[in-house]
Amino acid sequence: MATVLDNWFSVLLSFLVLINVANCWQNGHATYYGEYENPTSLGGACGYDNTMHAGFGKNTAALSGALFRGGEACGACYQLRCNARTDPQWCLKRATVVVTATNFCPPNNQGGWCDQPRQHFDMSSSAFFGIARRGNEGIIPVVYRRVPCKRKGGVRFTLKGHSTFNMIMITNVAGSGSVKAAWIKGTRTRSWIQMHRNWGANWQSSVNLTKQKLSFKLTLSDGKTLVLFDVVPSSWNFGQTFASRRQ
């Protein structure tokens, strides 16, 4: 009996630790770019053609390499607040903002804010001034945590490439927001075809899937798997975007 109770307690403790880690606020810094951003310019290293079209709005951020992880963070959501204990002059107390990761803040390898191992967010101005007063030097201390993404509508798939090089941009993913692995299946394929991350939120395969209905299977960064059947009709063309009926 003691062994069973010990095992149960160990599992419960591990679960509580995971919850605590997921909700733990961490220290970082933030800057901002662009006073009047055009949504078509905010996709950056994730490859989103337009953050409004992708379902993310203007509250977006470029992440330092420690957070971006080669594109794995694309689409993820972070809640930030300015650390008023460290900078009471410029922080808006108790104000928070949720941003979507859409870009990469490159290091300069000379001690810059986006150099490893710094946790840094280069935010859109609309997001930045939601937690900081105007008139500061453009850099604030923040605390941040990963949070679930809230999205309207289904997952969106934008078809790019050509017949033997399918590239799919995946956007508007709720929950963890970021995709860890992706598969595609046509009505004439026998099994799921694993896709590979080309860059950012763009996934590729080399199988000709023209004139076929397309289904998708996604594994998100939190381990959840989505299977979305017949998202794309057989009449699809490159350049079109289709949305699943559910998340």
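Restricting the calculation to Cα atoms, every distinct pair contributes to the Kirkwood radius of region 26-146, found to be 14.1 Å. For the chain, the relative contact order comes to 21 percent (Cα pairs under 8 Å, sequence separation of at least 6).
In terms of accessible area, using a 1.4 Å probe and ignoring ligands and nucleic acids, V227, V97 rank largest first as V227, V97. Please state the shape class of region 98-165: rounded when a/c is under 1.5, otherwise prolate if a/b exceeds b/c and oblate if not, all from the C-alpha gyration tensor. Oblate, since a/c reaches 1.5 and b/c is not below a/b.
Would you please classify the overall shape of region 187-229 from the alpha carbon gyration tensor, given that a ≥ b ≥ c denote the square roots of the eigenvalues, rounded means a/c under 1.5, and beyond that prolate means a/b larger than b/c while oblate covers the rest? Oblate, since a/c reaches 1.5 and b/c is not below a/b. Give K93/K180; K58/K213; K150/K217 a once-over and call out the pairs whose C-alpha atoms are over 28 Å from each other. Among K93/K180; K58/K213; K150/K217, the Cα-Cα distance tops 28 Å for K93/K180; K58/K213. The angle between the Cα long axis of helix 2-23 and the longest principal axis of the Cα atoms of the chain comes to about 80 degrees, rounded to the nearest 10. With a/c under 1.5 counting as rounded, go ahead and sort the chain into rounded, prolate or oblate using the C-alpha gyration tensor (a ≥ b ≥ c being the square roots of the eigenvalues; past the cut-off, prolate if a/b is larger than b/c, else oblate). Oblate, since a/c reaches 1.5 and b/c is not below a/b. Annotation: cysteines of the chain without a disulfide-compatible partner (Cβ-Cβ under 4.7 angstrom) are C24. Local charge for F229 was computed over the other residues whose Cβ lies under 14 Å away, with Lys and Arg +1 and Asp and Glu -1, and equals +4. The listed peptides 110-120, 214-224, 46-56, ordered by packing as a protection proxy, come out as 46-56, 214-224, 110-120 (highest mean of other Cβ atoms within 10 Å first).
The values are calculated or read from the model by the stated rules, or taken from the named source; none is laboratory data. Just so it is clear, the model here is predicted, and its values are computed rather than measured. FYI the Cβ positions are ideal-geometry reconstructions off the backbone, even for glycines, and counts take in every protein chain you see. We work out accessible area using only protein heavy atoms, side chains counted, and drop any ligands, DNA or RNA first. Shrake-Rupley method; radii C 1.70, N 1.55, O 1.52, S 1.80 Å.
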